[in-house]
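Enquirer: Quick one: the structure is below, and I'll ask about it shortly.
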Amino acid sequence: MTHKIAPSVLAADFANIQRDVEMVNESEADWFHIDIMDGVFVPNISFGFPVMKAIQKHAAKPLDVHLMIVNPDQYIQTCADAGAEVITVHYEACNHLHRTLNAIRESGCLAGVALNPHTPVHLLNDIFKEIDLVCLMSVNPGFGGQTFIENTYTKLQQLKNICAMKNHMPYIEVDGGVNLENYQKLLECGANVLVAGSSVFSSSNPTETILALKQ
Ligand code: DX5
Ligand code: ZN
């Protein structure tokens, strides 16, 4: 499988969101990464489902939705109705992760689990087969433009071992601080979905940057 690039709309120009969505449509990107924050699970608020719906109206590629919120169960159907294809919840925000992942699949979406930088990957052992995507946070969630945490490479290797042990291969996504300097090593370590926010939207030519990350 060739890897996927998911530009994070969090780094787009919110006053020109349609223009930026169309740029991604016309680029080599595969998914839109949509960061929803509640100001409780993370110390920041981004945007909610009405804005996501507006993005979806123009998006010609799947929406990969990253819920950085407490009580995500409450919003699964709303999120699916707003056009999500992948819904990722945080391990740290779910008391009944098995139930949450089943609810996501029942809504017709792929079920993702994100792990904060301090959360060990082995905690997914007993739920692994229910997971369609593992998102390794390579920054502390809440903000774009932060520095990549190097320990992510080790976590990727550990995750690959779990995939082999369980004979199950979910998407392996890395989110935070991904750029042209580290993307190749991430792919070598087993990542197959790269989220990129500021490295794409703050570059002088976002379309070219997406293309470079895809190669
Ligand atoms: C961080 C978000 C990321 C963010 C990535 O909490 O989950 O998706 O938009 O942005 P960059 O690529 O700038 O680190
Ligand atoms: Zn994200």
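Enquirer: Q215 is checked against (1) farther than 24 Å from V40 by Cβ; (2) open to solvent by 10 Å² or more (accessible area, probe 1.4 Å); (3) modelled with pLDDT of 95 or more and fails just one. What number does that condition carry?
Expert: Only one criterion is unmet by Q215, namely (3).
Enquirer: Can you tell me which residue among E106, E85 is surrounded by fewer than 19 Cβ atoms within 10 Å (Cβ to Cβ) and within 16 Å of ligand 2 (Cβ to nearest atom)? Even if it seems obvious, please write down each step before you answer.
Expert: Details: E106 fails: within 16 Å of ligand 2 (Cβ to nearest atom).
None of the other options fit; the residue is E85.
Enquirer: Condition first: surrounded by fewer than 18 Cβ atoms within 10 Å (Cβ to Cβ) and not in a loop (DSSP other than H, G, I, E, B). Now tell me which residues in the stretch 137-161 satisfy that.
Expert: Result: T154, Q157, Q158, K160, N161.
Enquirer: Here's something else I'd like to know. Being open to solvent by 10 Å² or more (accessible area, probe 1.4 Å), part of a loop (DSSP other than H, G, I, E, B) and among the aliphatic types (A, V, I, L, M) narrows it down to one residue among L180, L187, L123; which is it?
Expert: Details: L187 fails: part of a loop (DSSP other than H, G, I, E, B); L123 fails: part of a loop (DSSP other than H, G, I, E, B).
Answer to the selection: L180.
Enquirer: Let me ask you something else. Of (1) free of Cβ contacts under 8 Å to residues at least 40 places away in the same chain; (2) within 16 Å of ligand 2 (Cβ to nearest atom), I34 satisfies all except one. Which?
Expert: (1)
Enquirer: Here's something else I'd like to know. What about M68, is it surrounded by 15 or more Cβ atoms within 10 Å (Cβ to Cβ) and under 22 Å from R105 (Cα atoms)? Write out each step before concluding.
Expert: Numbers: surrounded by 15 or more Cβ atoms within 10 Å (Cβ to Cβ): yes; under 22 Å from R105 (Cα atoms): yes.
Yes; evaluated as a whole, the condition is true for this residue.
Enquirer: Also: Pull out all pairs, ordered by first then second residue, where Cβ-Cβ is under 6 Å, the residues are six or more apart or on different chains, the first lies in the stretch 67-78 and is under 15 Å from R99 (Cα atoms), and the second is charged (D, E, K, R).
Expert: Within 6 Å, no pair qualifies.
Enquirer: So for the stretch 16-27 (the condition being of a type in the set (S, T, Y), touching a Pro at 6+ places or on another chain (Cβ under 9 Å) and within 16 Å of ligand 1 (Cβ to nearest atom)), does at least one residue qualify?
Expert: Within the stretch 16-27, the subset of a type in the set (S, T, Y) is 27.
Imposing the further condition that a residue be touching a Pro at 6+ places or on another chain (Cβ under 9 Å) reduces the set to 27.
In the following step, the residues that additionally are within 16 Å of ligand 1 (Cβ to nearest atom) were identified as 27.
Yes, because at least one residue in the stretch 16-27 is of a type in the set (S, T, Y), touching a Pro at 6+ places or on another chain (Cβ under 9 Å) and within 16 Å of ligand 1 (Cβ to nearest atom).
Enquirer: Considering only the stretch 36-57, state which residues are surrounded by 18 or more Cβ atoms within 10 Å (Cβ to Cβ) and small (G, A, S).
Expert: S46 - this is the single residue of the stretch 36-57 that is surrounded by 18 or more Cβ atoms within 10 Å (Cβ to Cβ) and small (G, A, S).
Enquirer: Go through M165, M169 for me and flag whichever is open to solvent by 10 Å² or more (accessible area, probe 1.4 Å), assigned to a loop (DSSP other than H, G, I, E, B) and of a type outside the set (V, I, T).
Expert: Numbers: M165 fails: assigned to a loop (DSSP other than H, G, I, E, B).
None of the others qualify; the one that does is M169.
Enquirer: Can you list residue pairs whose Cβ atoms sit under 8 Å apart, with the first residue in the stretch 2-27 being free of Cβ contacts under 8 Å to residues at least 60 places away in the same chain and at negative phi and the second being surrounded by fewer than 22 Cβ atoms within 10 Å (Cβ to Cβ) and aromatic (F, W, Y)? Count only pairs 6 or more apart in sequence or on different chains.
Expert: Here the result reads F14/F47, each pair linking the stretch 2-27 to a residue that is surrounded by fewer than 22 Cβ atoms within 10 Å (Cβ to Cβ) and aromatic (F, W, Y).
The values are calculated or read from the model by the stated rules, or taken from the named source; none is laboratory data. Note that the structure is a prediction, hence the values are computed from the model and not measured. Quick reminder, even Gly has a Cβ in these numbers, built from the backbone with ideal geometry, and neighbours come from all protein chains shown. The protein model used for the area step is the full one, side chains on, heavy atoms only, and it has no ligands, DNA or RNA in it. Shrake-Rupley method; radii C 1.70, N 1.55, O 1.52, S 1.80 Å.
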